[in-house]
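The values are calculated or read from the model by the stated rules, or taken from the named source; none is laboratory data. Remember, it's a predicted structure, so these values are computed and weren't measured experimentally. Cβ: placed from backbone, ideal geometry, glycine included. Neighbour counts: every protein chain shown.
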There are 2 protein chains.
Amino acid sequence: MLMTPGIKIDTLKAKLFRGFADPSRLGILEALRYGPLTVGEIVAATGLSQPNASNHLSCLADCGLVLREPRGRFVSYRLTDERVAALLALAEELLGEVAKGVYECVHYNPTEGE
Amino acid sequence: MLMTPGIKIDTLKAKLFRGFADPSRLGILEALRYGPLTVGEIVAATGLSQPNASNHLSCLADCGLVLREPRGRFVSYRLTDERVAALLALAEELLGEVAKGVYECVHYNPTEGE
DNA sequence: ATAAAATATCACCACATGCTGATATACTGA
DNA sequence: TCAGTATATCAGCATGTGGTGATATTTTAT
């Protein structure tokens, strides 16, 4: 693939990971893991507000993690590639090992329920 | 594994991904992919400032992605688990598929070289 | 044609995040 | 002990980020 010079590959990879690195987006990806869903279904599944979900979905679609499929008045989204699900699965495995550390990690603390 | 109620699993997973989702941290992880390095070597390999590298390393260590091993006056870091490297590899594969989308993604644009 | 429903977009705000420069701490060798 | 090197920490700043409420757009049904 042709790569514009000046854009480091790590920057791209970091952007890719960023798609997974937010609880809301991750929730969407997890929900889509079991099949395509419409925006409304995603809203219901994740508890996100409709504008918020829509915004994250745009982000995920732009970044190539999900596919947008308009179906009449609805819009269906699904994971672009099995590798997206594979990444989620692998992260889950890894989380089993390091969960304690992640839990205690001080450097990033979104208001976590409590 | 015992999980404190009130902390959603997705929040943890998102925090885990966040370790990979910054160009500086990702650069560090990539550098460590080929073996343990001291802080000084990491600074040299990544071009980060020393305080900045040290700070990201603390974050990565807290989150369980890297191991801290003091060796006299030096501190050696290495990846905690092969799965960390596996995640990097899988992301690389996925990037091959979606690179174009990630490149064009508007929703996250750190000052990218130019 | 009009109303209602599904989705997207916009302006705005609060906050987290990453970076830098300065400084503190820890260890080693002479 | 003292100087030098390696690493960690701190205060402060600039900016990216995610969230909300209001509104626009598109599509279907009557």
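Miscellaneous remarks
- Subset of the stretch A:59-93 [within 12 Å of DNA strand D (Cβ to nearest atom) and facing chain B (nearest Cβ under 7 Å)]: A:Cys59, A:Asp62, A:Cys63
- Considered as a group, the residues in the stretch B:51-82 that are within 10 Å of DNA strand C (Cβ to nearest atom) and over 21 Å from B:Arg18 (Cβ atoms) include one that is surrounded by the most Cβ atoms within 10 Å (Cβ to Cβ), and that residue is B:Val75.
- Here B:Tyr34 meets the list (1) free of Cβ contacts under 8 Å to residues at least 24 places away in the same chain; (2) in a helix (DSSP H, G or I); (3) more than 9 Å from DNA strand D (Cβ to nearest atom) almost entirely, failing just condition (2).
- For A:Tyr77, the conditions (1) of a type in the set (Phe, Trp, Tyr); (2) farther than 30 Å from B:His56 by Cβ; (3) at pLDDT below 95 all hold with the exception of (3).
- Of the listed requirements (1) near DNA strand C (Cβ under 10 Å from one of its atoms); (2) not in a helix (DSSP H, G or I), A:Leu48 misses just one: (1).
For every residue, the table says whether it meets (1) at pLDDT below 95; (2) closer than 15 Å to B:Glu97 by Cα; (3) basic (Lys, Arg); (4) surrounded by 19 or more Cβ atoms within 10 Å (Cβ to Cβ).
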position: A:Leu12; (1), (2), (3), (4): yes, yes, no, yes
position: A:Arg33; (1), (2), (3), (4): no, no, yes, no
position: A:Val39; (1), (2), (3), (4): no, no, no, no
position: A:Ile42; (1), (2), (3), (4): no, no, no, yes
position: A:Ser49; (1), (2), (3), (4): no, no, no, no
position: A:Ala86; (1), (2), (3), (4): no, yes, no, no
